[in-house]
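So the structure is just underneath, and the comments pick up after that.
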Amino acid sequence: MPVKWEQGAKFATRNAEKLREPEDYRVILLNDDYTTMDFVVEVLVLIFQKNEEDANRIMMDVHRKGRGIVGSYPWDIAQTKANQVHAAAREHEFPLRCLVEPL
Ligand code: TYC
């Protein structure tokens, strides 16, 4: 029935928009000369739930290019993760920094 199909399509589109909507902020990791590679990988695994392979790839990308995208998250989650990175870095006396930027 065409009317029902059209309503279903609209509904599906709205749901897809809703699922994308909250991912508004990128967490950007910055390179530095002092934080160890192992610590950065650990941060990516424990705070950002990356697997070892992705964590290594992201860490090496940041190491080579100076900065890199870790992921996109709703604002409060991005802020919380950035705070957790800075707290862990401070605790281990590393200068590791990340930024939260709008998409
Ligand atoms: N450049 C650091 C080193 O050589 C490693 C590193 C990678 C530091 C990524 C920070 O976000 C970073 N030990």
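Of note:
- Taking 0.36 nm per residue of separation and subtracting the Cα-Cα distance, full extension of the segment from Gln84 to Asp61 would add 6.2 nm.
- Residue separation of Glu52 and Arg97 scaled by 0.36 nm, minus their Cα-Cα distance, works out to 14.2 nm of gained length.
Throughout, read-outs are computed from the coordinates displayed, never taken from laboratory work. These numbers were taken from a predicted model, which means no experiment stands behind them.
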